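Comments concern the structure below.
What follows draws every value from the coordinates through simple rules; no lab data is involved. Worth saying up front: this structure is predicted, and the values here are computed from it rather than measured. Cβ atoms come from the backbone with ideal geometry, glycine included; neighbour counts cover every protein chain shown.
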Amino acid sequence: MLKLYYGLPDPAAGEAGRAADAGGPTDINGPRFDPEAFLTKLQKECPLAQLMDCETDMVKQIRALDSDMQTLVYENYNKFISATDTIRTMKNDFKRMEDEMDGLAANMAAITESSARVSSTLRDRHEQIAKLSGVHTLLRKLQFLLELPARLTRCVELEAYGTAVRYHGRARAVLHHYRHLPSFHGIQADCQVIMAGLAQRLRQRFRDGGSGAKDLAECVELLLELEEPAEELCDEFLAHAGARLAAELDTLEAELGPPGGAPTCDILEFTDRGCNSFVGNLCLVIASYQELFVSRAGAAPIAPMARAKLATFVEGLLGRYFGLVERRVQLEKGVGDSSLLVRALDRFHRRLQALEQLLPGAGSASEGTAIVERAARARVAQYLQALRGFYQDCLTDVRQALAAPRLAGKEGPGLAELLATVSASLLGQVKAVLGYVHLFTARDVAFSNKPYFKGEFCSQAVREGLVVGFIRAVCGTAQQFCEAPGDRGGTAPPALLLLLSRLCLDYETSTISYILTLADEQFLVQAEVAGTLGSVLCAEARAAAQRLLTHYVRVQGLAVSQMLRKSVETRDWVGTIEPRTVRAVMKRVVEDTTAIDVQVGLLYEEGVRKAQSSDSSKRTFSVYSSSRQQGRYAPSYTPSAPMDTNLLSNIQKLFSERIDIFSPVEFNKVSVLTGIVKISLKSFLECVRLRTFGRFGLQQVQVDCHYLQLYLWRFVGDEGLVHGLLDEIVASAAHRCLDPVPMEPSVVEVICERG
Amino acid sequence: MEDDAPVIYGLEFQARALTPQTAETDAIRFLVGTQSLKYDNQIHIIDFDDENNIINKNVLLHQVGEIWQISASPADKGVLATCYNRTSDSKVMTCAAVWRMPKELESGSHESPDDSSSNTQTLELLCHLDNTAHGNMACVMWEPMGDGKKLISLADNHLLLWDLQESSSKAVLSNSAALEGKGQLKFTSGRWSPHHNCTQVATANDTTIRGWDTRSMRQIYCIENAHGQLVRDLDFNPNKQYYLASCGDDCKVKFWDTRNINEPVKTLEEHSHWVWNVRYNHSHDQLVLTGSSDSRVILSNMVSISSEPFGHLVDDDELSDQEDHHQEEKTKEPLQDSIIATYEEHEDSVYAVECSLVYRNQCRGGLRSCSYQVVQFMLYKNR
């Protein structure tokens, strides 16, 4: 083994091939060194000198190796000797240790034996002690049971109900288990009696309710522990609370005042009271109830039942409360400032929010919101009503104002001022109402965030209902004046018609858009909620104005007509005397027309007249010029051609424009007056055609017509109309005349000027 | 192709009085009375041949005075009554008389002579309705559906019921009633209801409409202030017995249910001046014709208050009848009150409109209006 170890470097080795073939058979240090190959190689390759060098080198190395080997062998030998010594001492030590181990095992066996002996002696005693301690516990329990009635009684006396219940709870199972034993049965009976008393007392206390919520809670807890039926307890609790709440509601109801009478306090106070007493207490009740029956640990099995009971209970009470609030809100008929109402509703609403949080799913908040909505809607309706009323009052005022100065004999009672007053006060009222209504949507009011108040209330209730409704009412009421009256009393004074017509026209031009813009801005009406367009309202207002004005023209025209008709009908035209003056009625007609002119002029612009032809003034005479008249009446004298009259007048008509008696009236003075004059003259014509005239009758008509001619032309837009109609009247009178001799135009003029 | 153009018939004189010949059942025939102070007045008998659209006329002289109102006997084609003005030395009196036209004109079938002026025939006076005690006659009415023996005339404030005796040669005042009241009350017009066995008459004075029972001559209803101003004319719905139409100076036409006179059933305000005349179409009472001094004649369709509120049925063969050129698109329209037509051809006031009693083929009829100054006659074909 060692030989192998030393043999390796042992053979002759040359360093020459080391570098050339590392690890190869020629490497003297490599593991596959082949001495033959090495030698052959050396001999083949190296010169003699190098072979000599190699040989010396190799000898030197072998010597060094041999000395190294000797040193190593020596050292190892020393070590080996010391190791042999050590093993020898170890052998001695082990032998001693074995002896000691044997001694230990013997001792252990002795100990085990003695321990077994001791335990066997002690076993009997131990069993006895265990039995004794069991008996002791049992005895203690028995003593507790025996003492239980007394203890319970004492507890009850001391009102330590909690302890009593705890004691009883501890004993109950045992007593129940051993109830067949007479003695236990007695105890159980006693206990039951006592506990029944206790329960009775607890219930009493529970029912009295004088104690605070905590006491009450304790009561309920104890009662529940006493296995009283939970349902009954719930009912009792609720009934108890319900009675108190109902009493509060009764107080509230009393504050509503007698039916039909005024409420005893204002709505804010009412709501306050309702909130504070009723809703507050209701919240308390709900909270304690929930604590007792619903959320208490261990109440899980009765929770659904309890919750259902609570829901019905709350629903009933709230229903009544809402009824009261609604009644109270309905009593709120005031049309003034609505801030009180809004605040009251706000408070109401907030409290309900709280309630809703306490008891989600009771729908109290939504119901409350509905009430608020209804109240708001009702309020808006009231405002509309009030606005209408105000408008009616305005109209009544105007009527009175119109009637009053006339008694004093003054003409034209400041129609323009009246109009301005009406207009301004209406606008003011609308603004005020919008302001009041705006409170409902104020930011600090909780319910203004509800979608209803954001959207529908603004667009539907306020804009459509209130504003548009009012404008419609204005126009509608105005129109009613055209419809109903005229036949059976209650005729609106013409001036009122005129005024309303102007009012409607003003609404059309400016007021409507102003009010609508105002409302839209104040209430932020969304553009996409398409309401009634301003243009539609404007059209309505314009139509109303048109109708009113038309009606005005008609009324005034018919009034003048009536006057003319009576005057023509009642006179004996055949036997009348030669005319000396213009008949008074004609003057009256002119006066009235002038008055109407003034009246209309107060409210309407002048309007456009037809360009007056240059010969208009002359025409006055030419119409009645003898030559034309001769021409016209001439055929009457010659019996040959009666048709000529007709022919002539027909031809004449072909050239003159057809007179439309009632063309649409425009919104200006001239148009209005033209309408009135046309109607009047047409009526005059019709009346004349119904009569038969004598010579002087005809002449009187001539005079009258000339007089009208002189004064009426200035009122109308196209004086040709007046001329035409007056011509027609005279011609008709001539035709209906038994002795048609017309008066000399100059005489007519003189009479007219004198008149 | 026939169109809506009216057939125009010219009169020589002005005229206000127009009536359909009530007793005539075949031809469409109207009577017109003229008004002339200077010449002999005439009664024109106008036949309208609706198939050929031709007018045949006959002229009768009515020499006693200008005719204000005319009405034809319901029983005898040849008998008619007129109200006329008699002028005598600065006094004008309105009288009434019953006349008979010459036999050969009764039928109206014969051709009128080419020159009618040469041999104009004269009416034969049957009897006067003596009104010396009662004042001016406003109107004469025959008993509708009667035998032509009973007449009612309105004279100032009297309602006079006459019996014609001895083949109409004598008129006996059988009953009368007077209107009492403050002021001068004067009847302006009246109408004899064809319902209730012809026992009711409606009259108008000023703004009031009154109903009378001809048996007792007592007032049975009174519509005060029926119109804002004078009531001009009345007409009974021929098929609905309580319905009455009225018109007046307030430019309105109103329809009344005489059982409930507080409010008119319906009011029309289409005219712009006095409405002088209102007439129901005899066969189709939803058609109401009004004439006004605004020179318009308006034909309204008052379906909602007619006896045929659901429209009348149009037979198929009627539709196919080639002669009916004016087949109505109206029947297909929803049933709403509407104006069917406004006739504006008149150049002056329209004082009288009438519907022919003859309604041929159930859809053809004449309506006719009488305009004053222009003295023209328009015959409108309606339907």
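Remark: mean inter-chain Cβ contacts per residue of B:81-88 equal 1, using a 10 Å Cβ-Cβ cutoff to other protein chain atoms.
For the pair the stretch B:205-232 / the stretch A:108-154, the C-alpha centres are spaced 129 Å from each other. Place a point 7 Å from the Cα of A:Glu578 along the Cα-to-Cβ direction; which residues of the stretch A:686-715 have their backbone N under 12 Å from it? Counting backbone N atoms under 12 Å from the label point, the list is A:696. Counting other Cβ atoms within 10 Å as a rough exposure proxy, the listed residues B:Thr122, B:Thr208, B:Thr290 run B:Thr122, B:Thr208, B:Thr290 from fewest neighbours to most.
Which order do the peptides A:70-82, B:32-44 come out in when sorted by mean C-beta neighbours inside 10 angstrom, highest first? Spell out each step's value before the answer.
Values: A:70-82: 9.8, B:32-44: 21.7.
Packing proxy ranking, top to bottom: B:32-44, A:70-82.
A cut-off of 5 Å between modelled amide H atoms, ignoring neighbours fewer than 5 places along the same chain, links A:Cys737 with A:Phe693.
Taking 7 Å steps out from each Cα toward its Cβ at A:Val536 and B:Gln184 produces label points 5.7 nm apart.
Counting neighbouring Cβ atoms within 10 Å and putting the fewest first, the residues A:Glu218, B:Glu344 line up as B:Glu344, A:Glu218. Less than 5 angstrom separates the built amide H of B:Asn205 from those of B:Thr188, B:Arg210, all sequence-distant by 5 or more or on a different chain. Mean partner shielding of peptide A:414-423, defined as the number of other chain Cβ atoms within 10 Å of each residue Cβ, is 0.
If we sort A:31-41, A:120-130 on the protection proxy, mean other Cβ atoms within 10 Å, highest first, what's the order?
Numbers: A:31-41: 13.9, A:120-130: 8.9.
Highest mean packing first, the order is A:31-41, A:120-130.
Sorting A:Cys504, A:Cys752, A:Cys46 from the fewest to the most surrounding beta carbons within 10 angstrom yields A:Cys46, A:Cys752, A:Cys504.
Among the residues of A:679-692, the average count of other protein chain beta-carbon atoms within 10 Å of the residue beta-carbon is 4.
Quick query: amide H of B:Ala17 versus all other amide H atoms, modeled in the peptide plane; which residues come in under 5 Å with a sequence gap of 5 or more or a different chain? Amide H neighbours of B:Ala17: B:Gly33.
For the stretch B:25-35, the Karplus equation 6.51 cos²θ - 1.76 cosθ + 1.60, evaluated at θ = phi - 60°, returns couplings of 10, 9, 9, 8, 9, 10, 10, 10, x, 9, 10 Hz by residue, with Gly and Pro reported as x. From most to least packed by mean Cβ count within 10 Å, the peptides B:241-253, A:727-739 give B:241-253, A:727-739.
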